[in-house]
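Below: one structure, written as structure tokens.
Every number here is computed from the coordinates shown, using simple stated rules; none is lab data. Predicted model only: the values in this text are computed from it and were never measured. We place every Cβ from the backbone using ideal geometry, glycine too, and count neighbours over all the protein chains shown.
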């Protein structure tokens, strides 16, 4: 069964959130609550990458 | 169509050619990661004269050296302590320690980072979603919450789905049953041995019929039982619930699952794992269905201590048919059929403990417990099978059926010993029902 999700558009949004979280993490050098919670949120982003971004990156005809 | 049938509708219904392409690229990524971050893996591949750049096609994957459990035992307790040099991340990134149960020898230590631990829960989310777990479920976990992975990751997977999880840790069996009753839990997870044990305790010690409790689905792991039709039937009959199989391992991850369609087999989560089946004698990779072999597995996204072409010793075979559920992930027929180190030759015939379990559990007058002991009488192999008779059942009423079925299903003769109900050992986690005493000689 082929599905009709626009995984490129979804992936673009994932990458935007990732970029923002990386920025937040880098701003937390003296602010552990900011750094650690951003890092933790990036773990969730990684799961989105496994679920969606890898499909975009690793299958050529999408 | 149920629009929420799949946890990941893109991956789980992906055309197989595309799935294979994804697996290959992910394999190269994890191989490169291991080669560049793990001293152990680099040395292993350098010795074989191979680098990740030498892997150009799916067919090349079999050139990558396998990792045996014994190798992992050898490296641990060295630096970085206690994991050894297969660790690919700084120690401060490790957030959880677990170890294998030690059923087959000295336990192997397993480091997980936040990311790897969330990956475990993600793998479990595929499993639980496919088995019908949803946010409305109250999931009871009757296990020890100790140093072994066991159902820890299932706990977090269920939470990820939004289920309400009840950690039934430091409770005895009767207290667990009462808590299930009190909270009207809808699902639970345990080894097949313990699921049967709980039903036995509820019925025979507490006067509670497990069918009257609110459990509607049970996920099993740790033993092959839920893939053995007669054992599965006993569990489903005892609890009035649907029983699903799952297989995973500490050093691998949660790699397979039976879906709601109960296809008498398990899906391999091929988006997260690469499973190869290797002929037990020749080592040739088996692609076609119907031929049993040993599983060699790669966890495609596990980073801290990678699992690349791990020799799992699990015996499996591909199913010829796709599942009716619509998932394109391949099925392994009958689940995990046993372990290659348990499947042994007796009198020149291959003996599979799972085949004996199937026979014993298919006979109504026999209890759930049994034990197989292989030893030698002089130079001749002998198999002793210990079984329990249910109360008020006579040996003569089932002896002929048992002997005939054993001969038919296993091509071997047994010295059968009959015991009163309740006299063989009971187990709470993984049972040890097979003993090959010849190995000591």
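Among the residues that make up the range B:291-311, is at least one of them over 21 Å from the mean Cα position of the chain (by Cα), surrounded by fewer than 20 Cβ atoms within 10 Å (Cβ to Cβ) and farther than 30 Å from residue B:42 by Cα?
Within the range B:291-311 (the criterion being over 21 Å from the mean Cα position of the chain (by Cα), surrounded by fewer than 20 Cβ atoms within 10 Å (Cβ to Cβ) and farther than 30 Å from residue B:42 by Cα), the answer is no, since none of the residues qualifies.
How many residues does the range A:25-62 hold that are part of a helix (DSSP H, G or I) and either within 14 Å of chain B (Cβ to nearest Cβ) or surrounded by 17 or more Cβ atoms within 10 Å (Cβ to Cβ) (or both)?
The initial filter retains those residues of the range A:25-62 that are part of a helix (DSSP H, G or I), namely A:25-26, A:32-58.
Subsequent filtering for residues that are either within 14 Å of chain B (Cβ to nearest Cβ) or surrounded by 17 or more Cβ atoms within 10 Å (Cβ to Cβ) (or both) retains A:25, A:32, A:35-58.
Looking only at that region, the number is 26.
For the range A:1-50, how many residues are under 10 Å from the mean Cα position of the chain (by Cα) and under 16 Å from residue B:117 (Cα atoms)?
10
For residue B:150, indicate whether it is crowded, with 20+ Cβ neighbours inside 10 Å, outside any loop (DSSP other than H, G, I, E, B) and in contact (Cβ under 8 Å) with a residue 24 or more places away in the chain. Steps first, answer last, please.
Working: crowded, with 20+ Cβ neighbours inside 10 Å: yes; outside any loop (DSSP other than H, G, I, E, B): no; in contact (Cβ under 8 Å) with a residue 24 or more places away in the chain: yes.
So residue B:150 fails the test.
Within the range B:87-99, which residues are away from chain A (no Cβ under 14 Å) and touching a helix residue (DSSP H, G or I) at 6+ places or on another chain (Cβ under 8 Å)?
Passing the criteria: B:88, B:98.
What number of residues in the range B:102-121 are part of a loop (DSSP other than H, G, I, E, B), surrounded by 17 or more Cβ atoms within 10 Å (Cβ to Cβ) and touching a residue at least 40 places away in the same chain (Cβ under 8 Å)?
1
Here is a yes/no grid of residues against (1) farther than 18 Å from residue B:430 by Cβ; (2) crowded, with 19+ Cβ neighbours inside 10 Å:
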residue: B:174; (1), (2): yes, no
residue: B:188; (1), (2): no, yes
residue: B:191; (1), (2): no, yes
residue: B:195; (1), (2): no, yes
residue: B:202; (1), (2): yes, yes
residue: B:213; (1), (2): yes, yes
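Looking at the range B:47-60, is at least one residue assigned to a helix (DSSP H, G or I) and within 14 Å of chain A (Cβ to nearest Cβ)? Break it down into steps so the answer makes sense when it comes.
Going residue by residue through the range B:47-60, those that are assigned to a helix (DSSP H, G or I) are B:47, B:52-54, B:58-60.
Still in the list and also within 14 Å of chain A (Cβ to nearest Cβ): B:58.
The answer is yes, given that some residue of the range B:47-60 is assigned to a helix (DSSP H, G or I) and within 14 Å of chain A (Cβ to nearest Cβ).
Here are B:91, B:44: which of them is at negative phi and crowded, with 20+ Cβ neighbours inside 10 Å?
Values: B:91 fails: crowded, with 20+ Cβ neighbours inside 10 Å.
Residue meeting the stated conditions: B:44.
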